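The structure appears below as C-alpha coordinates.
The values are calculated or read from the model by the stated rules, or taken from the named source; none is laboratory data. Here the structure is a predicted model, which means the values were calculated and not measured. Here the Cβ positions follow ideal geometry from the backbone for every residue, glycine too, while neighbour counts run over all protein chains shown.
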Amino acid sequence: MVLTKKLRRAKIKRRIRSKISGSAERPRLTVFKSQKHIYVQIIDDRKGVTLMAASTKTADLVKTVDGKPGVEKAAAVGKFIGDKAREAGIENVVFDRSGYKYHGKIKALADAARESGLKF
(Lines give C-alpha, C1' and ligand atoms only; values in the text may rest on other atoms or scores of the structure.)
Protein backbone atom coordinates (compact mmCIF):
# COMPACT_ATOMS: atom_id res chain seq x y z
CA MET A 1 0.00 0.00 0.00
CA VAL A 2 1.39 3.36 -1.01
CA LEU A 3 0.92 6.11 1.57
CA THR A 4 0.31 9.63 0.42
CA LYS A 5 2.35 12.40 2.01
CA LYS A 6 -0.61 13.48 4.10
CA LEU A 7 -1.31 9.97 5.44
CA ARG A 8 2.38 9.34 6.14
CA ARG A 9 2.63 12.58 8.14
CA ALA A 10 -0.53 11.73 10.08
CA LYS A 11 0.95 8.35 11.01
CA ILE A 12 4.21 9.93 12.16
CA LYS A 13 2.28 12.62 14.05
CA ARG A 14 0.27 9.97 15.95
CA ARG A 15 3.47 8.17 16.90
CA ILE A 16 5.09 11.40 18.15
CA ARG A 17 2.00 12.52 20.10
CA SER A 18 1.79 9.15 21.86
CA LYS A 19 5.19 9.84 23.40
CA ILE A 20 5.08 13.56 24.21
CA SER A 21 2.67 15.71 26.12
CA GLY A 22 2.69 19.27 27.41
CA SER A 23 2.17 20.25 31.03
CA ALA A 24 2.07 23.48 33.00
CA GLU A 25 5.80 23.15 33.78
CA ARG A 26 6.76 22.14 30.21
CA PRO A 27 4.09 23.02 27.65
CA ARG A 28 4.19 21.62 24.12
CA LEU A 29 5.46 23.84 21.28
CA THR A 30 3.70 22.53 18.17
CA VAL A 31 4.20 23.53 14.54
CA PHE A 32 1.94 23.49 11.50
CA LYS A 33 3.01 24.66 8.09
CA SER A 34 0.99 25.27 4.97
CA GLN A 35 2.21 26.24 1.53
CA LYS A 36 2.35 29.95 2.40
CA HIS A 37 2.35 30.23 6.19
CA ILE A 38 3.75 28.68 9.34
CA TYR A 39 1.85 28.48 12.63
CA VAL A 40 3.14 27.80 16.16
CA GLN A 41 1.24 27.16 19.37
CA ILE A 42 2.30 26.60 22.96
CA ILE A 43 -0.17 24.17 24.53
CA ASP A 44 -0.82 22.82 28.03
CA ASP A 45 -2.22 19.36 27.22
CA ARG A 46 -3.27 18.53 30.77
CA LYS A 47 -5.68 21.48 30.84
CA GLY A 48 -6.38 21.36 27.11
CA VAL A 49 -5.52 25.05 26.74
CA THR A 50 -3.54 26.95 24.13
CA LEU A 51 -1.34 29.32 26.11
CA MET A 52 -0.14 31.39 23.15
CA ALA A 53 0.12 31.24 19.39
CA ALA A 54 1.96 32.98 16.58
CA SER A 55 2.09 32.71 12.81
CA THR A 56 3.19 34.55 9.73
CA LYS A 57 -0.32 36.06 9.78
CA THR A 58 0.16 37.61 13.24
CA ALA A 59 -0.31 41.38 13.03
CA ASP A 60 3.10 42.10 14.59
CA LEU A 61 4.90 39.88 12.07
CA VAL A 62 3.09 40.54 8.80
CA LYS A 63 5.17 43.58 7.87
CA THR A 64 8.50 42.01 8.87
CA VAL A 65 8.04 38.71 7.00
CA ASP A 66 6.33 40.05 3.89
CA GLY A 67 8.33 39.13 0.79
CA LYS A 68 10.93 37.02 2.60
CA PRO A 69 11.69 33.38 1.82
CA GLY A 70 10.04 30.63 3.89
CA VAL A 71 13.04 29.82 6.09
CA GLU A 72 13.39 33.46 7.14
CA LYS A 73 9.65 33.65 7.85
CA ALA A 74 9.92 30.56 10.06
CA ALA A 75 12.89 32.02 11.92
CA ALA A 76 10.97 35.26 12.55
CA VAL A 77 8.00 33.31 13.94
CA GLY A 78 10.33 31.24 16.14
CA LYS A 79 11.99 34.33 17.56
CA PHE A 80 8.60 36.00 18.14
CA ILE A 81 7.11 32.99 19.99
CA GLY A 82 10.31 32.61 22.04
CA ASP A 83 10.23 36.23 23.16
CA LYS A 84 6.49 36.08 23.86
CA ALA A 85 6.92 32.88 25.91
CA ARG A 86 9.76 34.34 27.98
CA GLU A 87 7.62 37.37 28.78
CA ALA A 88 4.89 34.99 30.00
CA GLY A 89 7.41 33.13 32.19
CA ILE A 90 7.72 29.98 30.05
CA GLU A 91 11.31 28.80 29.66
CA ASN A 92 11.09 25.04 29.06
CA VAL A 93 8.95 23.46 26.35
CA VAL A 94 8.56 20.12 24.59
CA PHE A 95 9.04 20.50 20.82
CA ASP A 96 6.41 18.81 18.64
CA ARG A 97 7.45 18.87 14.99
CA SER A 98 4.05 17.38 13.99
CA GLY A 99 5.49 14.77 11.68
CA TYR A 100 7.53 17.18 9.58
CA LYS A 101 11.18 16.43 8.92
CA TYR A 102 13.55 18.41 11.13
CA HIS A 103 15.16 20.55 8.44
CA GLY A 104 14.48 23.72 6.53
CA LYS A 105 11.63 25.76 8.00
CA ILE A 106 11.12 23.54 11.06
CA LYS A 107 14.81 23.65 11.97
CA ALA A 108 14.98 27.42 11.42
CA LEU A 109 11.96 27.95 13.67
CA ALA A 110 13.39 25.72 16.41
CA ASP A 111 16.83 27.35 16.28
CA ALA A 112 15.34 30.85 16.47
CA ALA A 113 13.16 29.85 19.41
CA ARG A 114 16.22 28.44 21.21
CA GLU A 115 18.21 31.60 20.52
CA SER A 116 15.44 33.71 22.04
CA GLY A 117 15.60 31.75 25.28
CA LEU A 118 13.35 28.68 25.05
CA LYS A 119 14.89 25.40 26.18
CA PHE A 120 13.97 22.09 24.55
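Looking only at the stretch 2-17, decide whether some residue is in contact (Cβ under 8 Å) with a residue 24 or more places away in the chain, in contact with a strand residue (DSSP E or B) (Cβ under 8 Å, 6 or more places away or on another chain) and either assigned to a helix (DSSP H, G or I) or over 20 Å from F80 (Cβ atoms) (or both). Taking every residue of the stretch 2-17 in turn, at least one turns out to be in contact (Cβ under 8 Å) with a residue 24 or more places away in the chain, in contact with a strand residue (DSSP E or B) (Cβ under 8 Å, 6 or more places away or on another chain) and either assigned to a helix (DSSP H, G or I) or over 20 Å from F80 (Cβ atoms) (or both). Taking the criterion of being among the basic types (K, R) and at pLDDT below 95, the residues of the stretch 58-76 that qualify are K63, K68.
Of all the listed residues (S55, S34), the sole one being closer than 17 Å to S116 by Cβ and either free of Cβ contacts under 8 Å to residues at least 60 places away in the same chain or under 12 Å from the mean Cα position of the chain (by Cα) (or both) is S55. Scanning the stretch 33-75 for residues that are crowded, with 20+ Cβ neighbours inside 10 Å, farther than 17 Å from S98 by Cα and hydroxyl-bearing (S, T, Y) returns a single hit, T56.
Scanning the stretch 22-36 for residues that are touching a Ser or Thr at 6+ places or on another chain (Cβ under 8 Å) and modelled with pLDDT of 95 or more yields R28, T30, V31, F32. Out of the residues in the stretch 76-120 meeting the condition of being over 12 Å from the mean Cα position of the chain (by Cα), under 15 Å from A54 (Cα atoms) and basic (K, R), tell me which one is surrounded by the fewest Cβ atoms within 10 Å (Cβ to Cβ). Out of the qualifying residues, it is R86.
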